[in-house]
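The values are calculated or read from the model by the stated rules, or taken from the named source; none is laboratory data. Quick caveat, the model's predicted, so the values are computed rather than measured. When we count neighbours, we look across all protein chains shown, and the Cβ atoms used for this are built from the backbone with ideal geometry, even at glycine. Side chains included, ligands, DNA and RNA excluded: accessible areas come from the protein's heavy atoms. Shrake-Rupley method; radii C 1.70, N 1.55, O 1.52, S 1.80 Å.
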Amino acid sequence: MSSGLQKGSSQIWYYIRNFADYLLVPRFLYKLRLRHWQNAIPRNEEVERRINYYCRLNQPQSLEGGIKGEELKYPFHKKTKRLTKYFFDLYEVIRYFNPKLQFRYLFGDITTVPPQPTFVKSRPISGDNANSVVLKLNKRRHFRFVDDYLSFAEKKNMIVMRVTWANMSPQRSLLISKYLNHPMCDIGKTRQEADDTQTDCVKPFMSIKDQLAYKFIACIEGGDVATSLKWVMSSNSLAVSPPLRYETWFMEGTLIPNYHYVEVKSDFSDLIEKMQYYIDHPEEAEAIIAHAHEYLRQFRNKHHERALQVMVAEKYFKMTNQDPMP
């Protein structure tokens with residue numbers, strides 16, 4: 001079976017399973033399993049650290065303008081893949097709690113902090129971001145890992161990046177404009193839109209498998225985080241990024257520059273210098289790759305990840321003066 005057919009079958013099964021859960025399984029059955037998820041993993045120091053990282057609310061406060069869990073309905077009038085996956089990921093957590101509990105949520109690339117405690121996929125790393133309570137939303141797109149059969153030594157001494165015109169950000173555009181024709185860079189956008197005047201930077205589409213042939217993969221933030229950062233850190237290539245500004249369930253704010261990924265200046269002026277350094281010092285490159293793989297291990301246990309999300313939601317309800325176990 002081709003990878004395209006496998007992906008299509010996987011997508012169909014995803015929608016069948018989630019719609020069946022949403023439409024056919026009574027919510028009270030999920031509520032009976034709340035205690036299971038609360039006890040699914042030991043509340044040790046590491047678990048508490050992650051719960052408190054995602055939900056930084058420390059003082060109880062009243063919630064204004066929220067909706068009740070029973071009011072969270074699938075947006076049939078707005079059928080888009082983006083809304084569908086966000087909805088199912090949120091519902092997957094909320095369904096375990098009393099449907100009378102209230103909460104706020106925002107779907108999409110959220111780069112500002114809401115005025116009320118709100119469930120989000122992404123938030124700014126810096127500043128007071130306590131009202132942005134992170135859940136693992138749109139995880140099917142963001143949490144993809146790869147099996148990389150090439151060693152760092154076997155890869156090309158180049159950096160690669162492919163973006164669509166719709167996902168072009170100022171930093172991605174800057175990288176392309178500065179290094180489009182550099183012999184150590186294979187970067188560009190995959191197509192030209194009708195109102196796009198830049199024609200020389202259009203490059204052929206490149207699959208993830210093809211990109212794994214390069215020692216360096218640019219992970220540049222777009223609307224919020226760089227979606228590619230997760231799968232690149234699971235590979236044997238080095239993730240390259242300017243200082244990170246946003247974070248998701250991946251806790252990008254805890255990543256250490258030049259320990260988990262290669263950090264370059266915001267203007268990319270040291271890009272080639274950094275690349276050459278790790279080409280000349282492959283043992284240091286492989287150490288970063290090993291650190292990245294170790295970091296990823298905490299996200300690989302789906303059972304633990306589900307339990308953590310339930311615990312984060314539980315803290316959210318407590319911090320908004322609601323009893324998650326009435």
Between the helical axis of 170-179 and the dominant principal axis of the chain, each derived from Cα atoms, what acute angle in degrees is found, rounded to the nearest 10? 20 degrees
Counting alpha carbon pairs within less than 8 Å and at least 6 residues apart, what relative contact order, in whole percent, applies to the chain? 21 percent
Given a 1.4 Å probe, the accessible area of the chain per residue, as a whole number of Å², is 48 Å²
How big is the stretch 200-306 in terms of Cα radius of gyration and Dmax, in angstroms? 14.1, 47
Ordered by number, the chymotrypsin sites (Phe, Trp or Tyr not before Pro) in the stretch 128-185 that occupy a DSSP loop and have at most 16 other Cβ atoms within 10 Å are Phe145, Tyr149
Charge dipole (debye, nearest 20) of the stretch 167-260; +1 at Cβ of Lys and Arg, -1 at Cβ of Asp and Glu: 280 debye
Tell me, what ³J(HN,Hα) does each residue in the stretch 120-131 have, in order and in whole Hz, if you take phi through Karplus 6.51 cos²θ - 1.76 cosθ + 1.60 with θ = phi - 60° and put x for Gly and Pro? 9, 7, 9, 7, x, 6, 8, x, 7, 10, 4, 6
Reachable aspartates and glutamates, given that their alpha-carbon falls under 15 Å from the alpha-carbon of Lys315 and they are not under 8 places away in the same chain: Glu48, Asp323
Please turn the phi angles of the stretch 106-115 into ³J(HN,Hα) values with the Karplus equation 6.51 cos²θ - 1.76 cosθ + 1.60 (θ = phi - 60°), one per residue in order, whole Hz, x for glycine and proline. 9, 9, x, 7, 9, 10, 10, 9, x, x
Using a 1.4 Å probe over the heavy atoms of the protein chains, calculate the carbon and sulfur portion of the accessible area of the stretch 3-138 as a whole percent. 55 percent
Using the Cα centre as the reference, give the magnitude of the dipole from point charges on the C-beta atoms of the chain (Lys, Arg: +1; Asp, Glu: -1; all else neutral), rounded to the nearest 20 debye. 1640 debye
Angle between the Cα long axis of helix 81-94 and the longest principal axis of the chain, 0 to 90 degrees, nearest 10? 50 degrees
Is the stretch 70-119 rounded, prolate or oblate when judged by the Cα gyration tensor, a ≥ b ≥ c being the square roots of its eigenvalues, rounded requiring a/c under 1.5 and prolate requiring a/b larger than b/c? oblate
In Å³ and rounded to a whole number, note down the convex hull volume per residue for the Cα atoms of the chain. 157 Å³
On a 0 to 90° scale, report how tilted helix 45-54 is relative to the longest principal axis of the chain, with both axes built from alpha carbons and the result rounded to the nearest 10. 90 degrees
State which entries of Lys31/Lys100; Lys215/Lys274; Lys31/Lys121; Lys85/Lys121; Lys68/Lys139 exceed 20 angstrom in Cα-Cα distance in the structure shown. Lys31/Lys121; Lys68/Lys139
Which residues among the stretch 84-100 fall inside the zone where the amide N is under 18 Å from a point 7 Å beyond the Cα of Gln38, along Cα→Cβ? 93-100
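Looking at the chain, identify the longest residue range that excludes and avoids all trypsin sites (Lys or Arg not before Pro) in DSSP loops having at most 14 other Cβ atoms within 10 Å.
192-264
In deg cm²/dmol, rounded to 500, what helix-only [θ] at 222 nm does the chain give when every DSSP H run of at least 4 residues adds -39500 (n - 2.57) and the total is split over its residues?
After summing the helix terms and dividing by residue count, I get -11000 deg cm²/dmol.
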Using amide H atoms built 1.01 Å from N in the peptide plane, name the residues 5+ places from Tyr214, or on other chains, whose amide H lies under 5 Å from its own. Lys156
Fraction of accessible area attributable to carbon and sulfur, the stretch 183-326 (%, probe 1.4 Å): 51 percent
Most fluctuating of Cys219, Cys185, Cys201 in the GNM of the chain (C-alpha, under 10 Å) is Cys201
Taking the stretch 49-118, which GluC sites (Glu not before Pro) meet the DSSP loop condition and have no more than 12 other C-beta atoms within 10 Å? Glu64
